[in-house]
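*Asks:* Mind looking over this structure? Questions follow.
Derivation of every value follows stated rules applied to the coordinates shown; laboratory data play no part. Worth saying up front: this structure is predicted, and the values here are computed from it rather than measured. Cβ sites come from the backbone with ideal geometry, for glycine too, and all protein chains shown count toward neighbours.
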Amino acid sequence: MSPLLATMALTVRYGGVVAVSGVDLSVEEGHIVGLIGPNGAGKTSFIDALSGMAPSSGTIRFDGQDLGKRPPHRRAKAGLVRTWQSIELFEDLSVRENLQVALERESAFDLLVDMVLPRLRRGAGHEEAIASALDLVGARDLADRYPSELSQGQRKMIGVARALAQRPRLVCMDEPAAGLDSEESRRFGSRLRQIVQQGISILLVDHDMGLVFDVCDELYVLNFGVLLAHGPTSAVRDDPAVIEAYLGRSGDDEASLAESPSDGLSATGGPE
Amino acid sequence: MTDLIVFALLGLATGAIAALIGLGVLVGYRGSGVINFAQGAVAMYIAYVFYSLRVLGTYPLPIPGLPGFIHLGAPNGLSAPIAVVLSLATAVVLGVLMHLLVFRPLRHAPALAKVAASVGIMILLQAAMAFRFGTNTQTVPSLIPSSGAFSVGHAIIPWDRVILTVVVIVLSVGLWALFRYSRFGLSVRGAAENEKAAILLGFSPDRQASLNWVLASLLAGLGGILVAPIINLTPTGLTLEIIPALAATLVARFSSFGVMSATALVLGMAQGELQNLPSKLSWWPSTGSDQLLPFLVIVVALFLVGNSLPSRGAASEGRLPAAHATRPQFVLPAVATAIAVVMFFTLSAGYRLALVNSVIGAFVCLSLVVMTGFLGTIALCQMTIAGVAAYVLAALAQRAGIPFPLSPLLACLGATVVGLAIAIPALRVRGISLAVITLGAGWAIEEFFFNNPTYTGGVNGTNVPAIHILGLNVAFSKGSEIAQPAFGVLAVIILALIALGVMNLRRSPTGRRFLAVRGNERAAAAAGVDVKRMKFLGFGLASFIAGIAGCFVAYQQTLVSQSSFDILVSVSVLAIAYIGGITSVSGAMIGGALSTGGIVFYFLLVVVLGNRSNGLEIEDLISGLGLILTAILNPEGIAGAMRITKQTLMRRLRFGPPSARGGVPVLAKAPVQDRERELA
């Protein structure tokens with residue numbers, strides 16, 4: 001069976017700078033795949049390219065279709081959705097409305113219908129879908145709040161819930177656990193497993209190595225835009241090249257990423 | 001060949017004033033990140049001060065109620081050096097005032113508030129001088145000799161053009177050196193890049209910003225004094241020179257003094273050539289092609305620079321005023337409609353006319369609620385779009401004889417098409433740059449189409465036949481009796497329907513999508529929203545509603561004339577919509593009441609102040625001032641202030657003091673303010 005997502009030679013250039021260079025990456029249905037690397041390795045650029053927010057070359061095959069040339073919203077509709085590193089909620093809309101925007105579909109003459117009968121297009125099952133997406137991130141009681149009233153962590157979770165409300169096949173999460181404490185991070189890990197059980201695959205970018213090693217089936221390591229290593233989580237964890245890229249020295253026998261402080265990797269090493 | 005040179009030189013004067021205004025725009029932008037739309041108005045204001053000093057020997061005071069002029073004991077005018085010094089001193093004061101009273105309080109405000117405030121200054125200065133000096137052209141004695149300097153072929157090149165060009169070049173180089181090498185310039189550039197770091201290094205961005213505004217005003221003032229003798233001095237002429245100036249600053253990407261000045265001078269010369277073309281080529285449009293050029297430059301420059309989606313981290317600007325969903329309301333709109341209908345059948349003609357004007361104003365404000373309040377696009381050409389509908393209606397109803405419901409409908413669709421065309425640049429350009437595009441588009445359409453007699457009947461305008469519904473005459477006036485009740489009732493009913501539709505829209509999926517796009521285009525696209533489609537829908541709907549306003553203006557005037565739709569009317573309409581409340585339907589209704597010739601001003605001017613001849617200028621003064629105050633103190637407008645007051649009252653009545661228990665709506669505001677305070 002072919003993977004849900006497969007990129008071939010995906011490359012992102014900003015002017016003369018090559019942010020991502022020829023990356024082949026695939027995500028199997030029902031897997032959590034981690035994409036890690038030091039700051040500036042090109043992780044966010046990779047997600048930008050997948051979601052159509054950055055111009056890229058190479059191929060993006062998703063669910064049997066070639067998405068490489070489609071505009072961002074069409075990729076989202078195809079089931080490839082993303083969350084953001086900085087929290088990008090719709091500040092003018094309540095949490096519920098934020099999720100509604102993600103759920104509702106456009107149709108011909110929707111403007112006219114909405115001006116005359118605003119409730120006509122209220123989708124069947126939207127309330128349940130919103131409730132279940134909020135449940136998955138443990139934020140059901142926040143539905144009627146506005147983003148400006150929420151804490152940083154809550155806002156991140158609403159961002160994930162909004163992505164889930166789109167009924168995606170694959171969610172690319174850009175540092176969803178940044179800023180969570182270790183207890184929150186553990187709880188978030190178990191939520192990710194629940195999400196996968198609903199038939200949603202995940203591409204996870206994060207610096208929280210505790211979380212990444214805990215939940216990911218497979219890992220890809222980026223460094224300077226180039227794929228440095230790829231394999232099952234346990235194998236990548238002990239790969240000397242990966243340790244060097246992260247810690248900035250050749251791996252002595254004791255050094256293992258698993259023993260590093262869970263959120264300190266970006267601070268302790270990596271080429272600046 | 002000689003002609004070519006003559007007309008290029010003719011254009012050089014306008015190119016020079018655009019360059020001097022543009023230099024001021026750039027300096028102000030570097031100092032505080034604000035594009036000041038009032039820069040042309042500053043040049044105009046100082047030019048009038050100079051004129052008054054030099055010719056009348058008086059210093060003009062702009063504030064109504066005070067004596068108009070201070071007599072300086074020189075009935076034949078002051079000497080040139082004293083007049084120049086006093087005029088430029090005025091420019092300094094104006095710069096300091098703009099900084100302290102307007103731009104400093106708005107440092108962290110969203111782009112819309114900054115544009116609104118600078119537009120407010122523009123309206124205010126323009127109205128102040130129109131109030132004192134009227135709108136007639138004044139002749140200003142020149143500081144520099146205009147007599148022939150040297151000749152090329154048969155063309156005589158006057159000295160003033162040469163001197164102006166040299167002044168522009170010297171100032172551009174001087175400013176470049178100032179910002180490149182001086183400690184002042186370096187600290188301004190540093191503060192522009194990172195304000196916090198500059199503060200930590202001991203610079204005061206605030207003092208720098210005020211110095212920049214003083215410098216900007218001086219440049220504009222100097223331009224006004226030098227150029228006013230060459231082009232005719234009117235309150236609007238120099239004010240609108242901001243349009244080519246903005247075109248040039250856009251080409252220079254808001255940074256290079258040299259590129260900006262060169263563009264402005266070349267643009268001016270090209271405009272000079274275009275003014276000559278109609279006499280040479282019979283098929284060339286008789287007017288306006290020279291004013292079309294800056295607009296084309298703006299569009300091309302922005303389209304090349306613009307991005308279809310904002311890049312990472314671009315969304316750091318302050319938020320627009322909140323647009324709250326309301327519960328479905330039927331009682332209040334029904335009561336309001338009924339009251340308006342009763343008023344039409346009971347009031348005298350003067351009030352009825354004011355009411356018709358208010359209803360028309362409310363349509364325009366509603367279109368701005370969709371465009372700016374929901375979609376987040378700052379539009380400065382709404383009356384132009386209304387004008388397109390008016391002229392299409394005239395053509396369809398009068399020349400083609402298409403009957404009532406069909407002809408205005410087609411006219412509104414015509415306006416929609418123009419609106420959609422303006423939406424194309426909006427796909428790649430946003431914020432202040434888009435405001436510049438809409439300003440340029442409005443000006444270009446006005447000069448190119450509305451003023452062209454071939455298309456519109458010129459000054460004489462085009463007739464529009466009266467409305468007939470089922471054989472019933474629903475004309476605006478019958479005989480000498482104007483503002484017929486039937487006409488008013490028709491307008492009110494259509495307004496009520498459209499208002500209900502816009503209210504519904506805010507609670508619907510499409511309305512949520514508009515607000516998602518307004519809040520964050522990238523995130524909206526990632527959430528599956530087709531951003532382009534939403535922009536086309538928003539522009540299309542807003543233009544259709546503006547078109548309705550245009551049709552009613554046409555039916556009211558029976559003779560469509562360009563003056564109702566000129567670009568400054570568009571600009572003041574935005575002011576009024578913003579004061580009323582740009583994010584809500586109730587705000588649009590308040591805006592309607594406040595609009596030109598509307599019910600509020602009728603009451604104020606006719607009943608309170610007793611009919612005065614310069615009522616229009618007083619209206620402009622009030623709305624300019626109101627716009628600045630709204631932008632600074634109360635971004636949600638009167639409607640927002642009323643909503644908040646109502647909530648506070650309700651809570652007090654229900655729960656006692658507000659500190660005891662905070663309701664959600666108040667919480668929704670408080671953290672935002674806190675965040676802004678942290679930033680400040």
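*Asks:* Would you tell me the mean number of C-beta atoms belonging to other protein chains that fall within 10 Å of each C-beta in A:64-73, as a whole number?
*Replies:* Per-residue shielding by partner chains comes out at 3.
*Asks:* A further question follows. Computed from the mean reciprocal separation of all distinct C-alpha pairs, what Kirkwood hydrodynamic radius does segment B:469-530 have, in Å?
*Replies:* One over the average 1/r among Cα pairs gives 14.8 Å for segment B:469-530.
*Asks:* Per-residue Cβ counts within 10 Å, from other chains only, averaged over B:497-508: what number is that?
*Replies:* Mean partner shielding for this stretch: 4.
*Asks:* Where does the protein assembly as shown land on Rg/Rh, using Cα atoms and the Kirkwood Rh?
*Replies:* That ratio equals 1.00.
*Asks:* B:ARG207 to B:ASP3: extension gain in nm, 0.36 nm per residue of separation minus the Cα-Cα distance?
*Replies:* 68.5 nm
*Asks:* Toward the positive end of the charge dipole of segment B:427-569, about the Cα centre and with charges on Cβ (Lys, Arg +1; Asp, Glu -1), which of B:ALA524, B:PHE565, B:SER480 goes farthest?
*Replies:* Farthest towards the positive pole: B:ALA524.
*Asks:* Provide the percentage of antiparallel DSSP beta bridges, counting only those with both residues in the protein assembly as shown; round to the nearest 5.
*Replies:* DSSP beta bridges in the protein assembly as shown are roughly 70 percent antiparallel.
*Asks:* If you don't mind, another one. Please find the FRET efficiency linking B:ARG652 to A:SER190, where r is the Cβ-Cβ separation and R0 is fixed at 60 Å, and quote it to the nearest 0.05.
*Replies:* Between B:ARG652 and A:SER190 the formula returns 0.85.
*Asks:* Scan around A:GLY231 for amide H atoms under 5 Å from its own, H built in the peptide plane at 1.01 Å from N, and keep only partners 5 or more places away or cross-chain.
*Replies:* Here A:LEU219 satisfy the definition.
*Asks:* How do B:PHE7, A:PHE188, A:PHE46, B:PHE603 rank when sorted from fewest to most other Cβ atoms within 10 Å of their own Cβ?
*Replies:* The order, fewest Cβ neighbours first, is B:PHE603, B:PHE7, A:PHE188, A:PHE46.
*Asks:* Given chain B, what whole percent of its Cα pairs are spread farther than 32 Å?
*Replies:* The proportion of pairs with Cα distances above 32 Å equals 52 percent.
*Asks:* Oh, and also: Highest first, please rank the peptides B:92-100, B:574-582, A:198-206 by the mean number of other Cβ atoms sitting within 10 Å of their residues.
*Replies:* Per-residue mean Cβ counts within 10 Å order the peptides as B:574-582, A:198-206, B:92-100.
*Asks:* Follow-up. Return the distance in nm (one decimal) between the two label points of a simple spin-label model at B:SER279 and A:ASP181, each offset 7 Å from Cα along Cα→Cβ.
*Replies:* 8.2 nm
*Asks:* Continuing with this model, one more query. Give the order of A:HIS31, B:HIS71 when sorted by the count of other beta carbons within 10 angstrom, beginning with the fewest.
*Replies:* Taking fewest neighbouring Cβ atoms as first place, the list is B:HIS71, A:HIS31.
*Asks:* Also, quick follow-up: Suppose the chain between B:LEU186 and B:SER256 were pulled fully straight at 0.36 nm per residue; how much longer would it get relative to their current alpha carbon spacing?
*Replies:* 23.7 nm
*Asks:* Identify the trypsin sites (Lys or Arg not before Pro) of segment B:522-626 meeting these criteria: DSSP loop state and at most 12 other C-beta atoms within 10 Å of the C-beta.
*Replies:* B:ARG612
*Asks:* Give me the orientation-averaged projected area of the Cα convex hull of segment A:90-167, in nm², one decimal.
*Replies:* Over all viewing directions, segment A:90-167 projects a mean Cα-hull area of 5.2 nm².
*Asks:* Give me the number: length gained by fully extending A:SER132 to A:PHE109, i.e. 0.36 nm times residue separation minus the C-alpha to C-alpha distance, one decimal in nm.
*Replies:* Length gained, A:SER132 through A:PHE109: 5.3 nm.
*Asks:* Further question: Could you state the principal axis extents of the C-alpha atoms in segment B:481-632, from the largest down, to the nearest angstrom?
*Replies:* Principal extents (Cα only, largest first): 58, 38, 27 Å.
*Asks:* With the convex hull built on the Cα atoms of segment A:148-217, state its orientation-averaged projected area in nm².
*Replies:* Here the figure is 4.6 nm², rounded to one decimal.
*Asks:* If you consider only alpha-carbon coordinates, what radius of gyration and Dmax does segment B:11-242 have, in Å?
*Replies:* 18.4, 62
*Asks:* Hey, can you rank A:231-238, B:57-64, B:297-304, A:208-215 by average C-beta count inside 10 Å, highest first?
*Replies:* Answer by packing, highest mean first, reads A:208-215, B:297-304, B:57-64, A:231-238.
*Asks:* If we count other beta carbons within 10 Å of each Cβ, what is the order of B:HIS324, B:HIS108, A:HIS230, fewest first?
*Replies:* Final ranking by Cβ density, sparse to dense: B:HIS108, B:HIS324, A:HIS230.
*Asks:* To continue, here is another question. Give me the inter-chain shielding for B:511-518: mean count of other chain Cβ atoms within 10 Å, whole number please.
*Replies:* Average neighbour count from other chains, rounded to a whole number: 6.
*Asks:* Quick check: pseudo-label points 7 Å beyond the Cα along Cα→Cβ at A:SER151 and B:LEU61, how many nm apart are they?
*Replies:* 6.0 nm
*Asks:* Given a Förster radius of 41 Å and the C-beta distance between A:GLN65 and B:HIS324 as r, what FRET efficiency does 1/(1 + (r/R0)^6) yield to the nearest 0.05?
*Replies:* Rounded to the nearest 0.05, the efficiency is 0.55.
*Asks:* Write down the Kirkwood hydrodynamic radius of chain A, to one decimal in angstroms, obtained as one divided by the mean of 1/r over all alpha carbon pairs.
*Replies:* The answer is 19.4 Å.
*Asks:* Roughly how many nanometres apart are two label points built 7 Å out from the Cα toward the Cβ at B:ALA466 and A:ARG74?
*Replies:* About 5.5 nm, to one decimal.
*Asks:* Another question about this same structure. Could you please tell me the mean projected area of the C-alpha convex hull for segment A:139-184, averaged over all directions and given in square nanometres to one decimal?
*Replies:* 3.8 nm²
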